[in-house]
Amino acid sequence: MRGAFDSITMNSAKAMGLEGYGDAVGCRADLVLLQARDPIEAIRLKATRLAVIRAGTVVARSAPRVSRLSLAGRPETVDASAYAPRLAKPA
C-alpha cells in the first residue's frame, strides 16, 4: 500500500521529470494535506483532503470528517484518523 501511495506522489513526479519536487528545503510547496496518520491510513480511510496547497498558498480547504455518536459513555464525535494504529516508520 505504501508503494501504491508513492506511485501517485513522488514517483509520478520523477517519471514526469519535474524539477524542484519533493519534501526538501527549497522545493516547490505543492501538496495535499490528508486527514490520516500515514499513507496506508490515507488509502484505507479514503482520507478527506483537508487542504490543497499550491506554491505555498492554500487554494482549497475542507472540514475534517468526523462521525457523531449517540452512545452512552462514548465520546460525541470520533475522528477515524485519531485512533488509527501508529505504524513504524520505514527504515
- Query: Using the Cα gyration tensor of region 1-43, with a ≥ b ≥ c the square roots of its eigenvalues, what is the shape: rounded (a/c below 1.5), prolate (a/b larger than b/c) or oblate (neither)?
  - Reply: oblate
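Using 0.36 nm per residue of separation minus the Cα-Cα distance, give me the extension gain between residue 58 and residue 25 in nm, one decimal. It would help to have the intermediate numbers written out before the result.
Numbers: separation 33, 0.36 × 33 = 11.88 nm, distance 1.84 nm.
Using 0.36 nm per residue and subtracting the Cα-Cα distance, I get 10.0 nm.
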- Out of (i) 5.7; (ii) 10.9; (iii) 7.7, which label holds the value of mean projected area of the Cα convex hull in nm² that was computed here? (iii)
- Proxy reagent accessibility, fewest Cβ within 10 Å first, across 23, 30, 6: 23, 6, 30
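Which trypsin sites (Lys or Arg not before Pro) does the chain hold that lie in a coil by DSSP with at most 16 other beta carbons within 10 Å? Show your work: numbers first, answer last.
On the way: sites: 2, 14, 28, 37, 44, 46, 49, 54, 61, 65, 68, 86; in loops: 28, 37, 46, 65, 86.
Qualifying residues, ordered by number: 28, 46, 65, 86.
Read the figures in this text as sums done on the coordinates, not as results from a lab. Because the structure is a prediction, the values reported are computed rather than measured. No Cβ is skipped: glycine too gets one built from the backbone with ideal geometry, and neighbour counts run over all protein chains shown.
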